[in-house]
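Step one of this worksheet: look at the structure below.
Just so it is clear, none of the values below were taken in a lab; they were calculated from the coordinates. For clarity, every value in this text was computed on a predicted model and none was experimentally measured. As a convention, Cβ positions derive from the backbone with ideal geometry for all residues, glycine included, and neighbour counts pool all protein chains shown.
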Number of protein chains: 2
Amino acid sequence: MDRLRGFGDRLAEAVRRRGNGVMVGLDPRLGLLPEALQPDNASPREVAEAFRRFCCDVIDVVAPLVPIVKPQAAFFEEFGPAGMEALAEVIKYARHKDLLVVVDGKRNDIGSTAEAYARGYLGADSAWQADALTVSPYLGDDSLTPFVDVARTQHAGIFVLVKTSNPGGARWQDVRSEQGAIYQLVAEHVEALAAKTVGDAGLGIVGAVVGATYPTQLAELRAAMPHAWLLVPGFGSQGGTARDVAAAFLETGLGAVVNNSRGILFAYQRSEYREIGTRDWQEAVAQATRDMIDQLAAETHAGRLRRN
Amino acid sequence: MDRLRGFGDRLAEAVRRRGNGVMVGLDPRLGLLPEALQPDNASPREVAEAFRRFCCDVIDVVAPLVPIVKPQAAFFEEFGPAGMEALAEVIKYARHKDLLVVVDGKRNDIGSTAEAYARGYLGADSAWQADALTVSPYLGDDSLTPFVDVARTQHAGIFVLVKTSNPGGARWQDVRSEQGAIYQLVAEHVEALAAKTVGDAGLGIVGAVVGATYPTQLAELRAAMPHAWLLVPGFGSQGGTARDVAAAFLETGLGAVVNNSRGILFAYQRSEYREIGTRDWQEAVAQATRDMIDQLAAETHAGRLRRN
């Protein structure tokens with residue numbers, strides 16, 4: 001994949017190539033791993049190794065199907081330095097399989113500290129080598145600047161939390177001022193940053209996280225950020241359906257990547273896939289991924305990207 | 001130190017024992033390390049080892065003087081898994097030297113993901129074994145709950161970002177609604193969580209990060225959160241003085257820990273300490289720490305804690 005184009009274009013190219021905007025969330029959980037991958041003991045090193053193997057096995061299945069994966073840093077970090085090593089190996093393996101990788105770390109800080117996160121995570125020159133990182137906006141607009149600057153030189157991107165999928169997200173995000181609700185003010189700033197960094201596909205290197213669980217706000221935020229990629233969590237186990245996320249897509253079928261973690265990774269435990277899953281948990285992953293691709297194609301503009 | 005008491009009491013005990021509320025921020029920066037500690041090359045492993053050694057050397061100096069240190073996760077993370085290993089060793093060493101350790105990670109997420117961060121960082125049973133973690137509130141009140149629950153069982157604490165020290169912090173934190181500014185609404189919730197978890201010292205296990213650079217808001221927030229420990233960044237190189245942070249302390253001298261990172265770590269480069277520093281960079285660290293303790297004792301209620 002051409003690492004010399006901006007992230008907005010790189011993501012567009014990857015989505016077009018696979019013909020869909022499905023993002024597989026790599027959220028390994030000890031209790032849910034298939035029996036064959038359960039570690040012998042729960043020492044951090046053994047668990048980390050089981051997570052690495054599980055995620056790489058998932059990547060083997062989904063790499064030909066989807067454009068992008070999103071490892072959740074927390075699940076690796078929980079197991080200390082060994083977990084973080086496994087995270088690095090998973091990122092490397094995903095990139096080697098031609099997947100884009102967003103690290104879901106919801107990091108942020110100020111000034112040179114924010115820059116350290118950006119330099120550490122973003123792009124081929126960084127230690128973690130991710131293509132993008134999720135970033136939290138509470139610290140203010142100046143806290144986002146170092147990420148944008150580093151992302152630009154590294155052909156990488158960021159996704160800023162705007163409207164999250166959890167019920168309590170409204171507590172402060174939805175507080176209304178005379179200028180609008182907080183999430184709307186953050187969205188305005190994301191749009192400004194995205195518009196300044198658009199590539200050929202008309203989308204910038206700064207995107208927004210907008211939950212699938214609030215379809216009305218999703219439509220409103222799609223309109224408010226015409227140049228931003230939306231990363232949409234909350235599909236599947238959190239209750240969001242293909243119809244709920246339809247508003248996230250632009251008419252071209254670009255503009256949104258819809259994340260599914262548990263619904264794909266642990267499909268072998270879902271009633272629809274249990275029969276396949278007991279024979280072969282990876283086949284359940286493949287089938288759940290294909291089904292999600294089909295659902296999005298049927299219910300959203302993503303259908304226009306469909307390869308025949 | 002008694003790990004079976006709540007974090008509010010454990011911090012009070014540590015502050016009383018050392019007679020001051022100085023927090024040393026462990027922010028290693030490659031370009032600023034004393035010459036003798038510069039790595040042979042800038043590979044992640046060499047840099048991480050230099051950071052480990054530098055931080056442990058700082059800990060040797062400050063452990064008898066101050067109650068608490070705050071490693072900044074970003075500076076370690078920048079160097080990948082090797083950096084994270086160094087972070088783990090620094091935390092371990094600080095605890096072994098009887099210091100409390102707050103990991104400054106500004107982490108957060110929702111539901112079981114937030115719980116993974118909490119279980120990973122907080123307390124003696126966790127992989128990172130920190131006594132507390134800084135947490136970002138953008139994701140809402142329910143995102144804080146798993147941290148509070150885990151902190152309670154682990155005798156650990158969290159510090160929630162309320163009002164940060166950077167100029168851009170005001171961008172969204174200061175937005176006013178009919179119920180008050182966002183930072184005031186977050187502060188209200190922190191106070192509620194702190195009040196529910198108070199120990200003998202009258203302070204809870206949930207504290208707030210409030211910058212030294214906004215003295216008026218510091219006073220206002222001290223009043224709004226009578227049961228919360230305040231973690232006050234922005235002293236020294238960011239411009240905050242002892243007088244600026246005076247309002248952060250309760251009359252007892254408890255209630256605030258004031259962080260200084262660069263001003264202590266790299267004191268050997270400051271004009272006041274250059275003469276000592278060229279002979280012995282660690283002696284410059286010691287002198288800068290003692291001077292900050294004296295300044296806080298002279299200008300704030302922290303003087304009441306002073307040991308003779």
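If you go through the range B:61-76 one residue at a time, do you hit one that is among the aromatic types (Phe, Trp, Tyr) and either farther than 23 Å from B:Phe159 by Cα or out of contact with any helix residue (DSSP H, G or I) (no Cβ under 8 Å at 6 or more places or on another chain) (or both)?
no
With (1) out of contact with any Cys (no Cβ under 9 Å at 6 or more places or on another chain); (2) surrounded by 23 or more Cβ atoms within 10 Å (Cβ to Cβ); (3) closer than 14 Å to B:Val62 by Cβ as the list, and B:Arg290 as the residue in question, which single condition is left unmet?
Every condition holds for B:Arg290 apart from (2).
Out of A:Ala195, A:Ala132, which single residue is among the small types (Gly, Ala, Ser), within 29 Å of A:Thr213 (Cβ to Cβ), touching a residue at least 24 places away in the same chain (Cβ under 8 Å) and out of contact with any helix residue (DSSP H, G or I) (no Cβ under 8 Å at 6 or more places or on another chain)?
A:Ala195
Within the range A:40-50, track down each residue that is of a type outside the set (A, V, I, L, M) and either closer than 15 Å to B:Arg119 by Cα or buried (at least 17 other Cβ atoms within 10 Å of the Cβ) (or both).
Within the range A:40-50, A:Ser43, A:Pro44, A:Glu49 qualify.
Of the residues that make up the range B:285-303, is at least one charged (D, E, K, R) and not in a helix (DSSP H, G or I)?
Looking through the range B:285-303, none of the residues is charged (D, E, K, R) and not in a helix (DSSP H, G or I).
Hand me the list of helices (runs of 4 or more DSSP H) wholly inside the range A:65-156 holding 3 or more residues that are farther than 20 Å from B:Pro167 by Cβ and either among the hydroxyl-bearing types (Ser, Thr, Tyr) or at the interface with chain B (Cβ under 10 Å from one of its Cβ atoms) (or both).
By residue number, A:73-77, A:80-96, A:111-121.
Just to verify a result, which residue in the range A:157-175, among those that are under 16 Å from the mean Cα position of the chain (by Cα) and among the β-branched types (Val, Ile, Thr), is farthest from the other protein chains (Cβ to nearest Cβ)?
Once the filter is applied, the top-ranked residue is A:Ile158.
Let me spell it out: the conditions are (1) polar (S, T, N, Q); (2) touching a Lys or Arg at 6+ places or on another chain (Cβ under 6 Å); (3) free of Cβ contacts under 8 Å to residues at least 24 places away in the same chain, and A:Thr216 meets all of them except one. Which number is the exception?
Going through the list (1) polar (S, T, N, Q); (2) touching a Lys or Arg at 6+ places or on another chain (Cβ under 6 Å); (3) free of Cβ contacts under 8 Å to residues at least 24 places away in the same chain, A:Thr216 breaks only (2).
Using beta carbons and a limit of 7 Å, which pairs, at least six apart or on different chains, have the first residue in the range B:171-183 and among the aromatic types (Phe, Trp, Tyr) and the second one assigned to a strand (DSSP E or B)?
Qualifying pairs under 7 Å: B:Tyr183/B:Val162; B:Tyr183/B:Lys163.
Being touching a residue at least 60 places away in the same chain (Cβ under 8 Å) and within 21 Å of A:Leu30 (Cα to Cα) is the filter here, so list the residues in the range A:256-276 that pass it.
A:Asn259, A:Asn260, A:Ser261, A:Arg262, A:Ile264, A:Leu265, A:Phe266, A:Tyr268, A:Gln269
Criterion first (away from every other protein chain (no Cβ under 14 Å), in contact with a Gly (Cβ under 6 Å, 6 or more places away or on another chain), surrounded by fewer than 21 Cβ atoms within 10 Å (Cβ to Cβ) and touching a residue at least 12 places away in the same chain (Cβ under 8 Å)) does A:Asp9 satisfy it?
yes
Here's a check for you: in the range B:14-39, which residue that is under 18 Å from the mean Cα position of the chain (by Cα) and part of a helix (DSSP H, G or I) is surrounded by the fewest Cβ atoms within 10 Å (Cβ to Cβ)?
The extreme case among them is B:Arg17.
For the range B:26-49, what are the residues that are closer than 14 Å to B:Ala88 by Cα, of a type in the set (A, V, I, L, M, F, W, C) and away from chain A (no Cβ under 11 Å)?
B:Leu26
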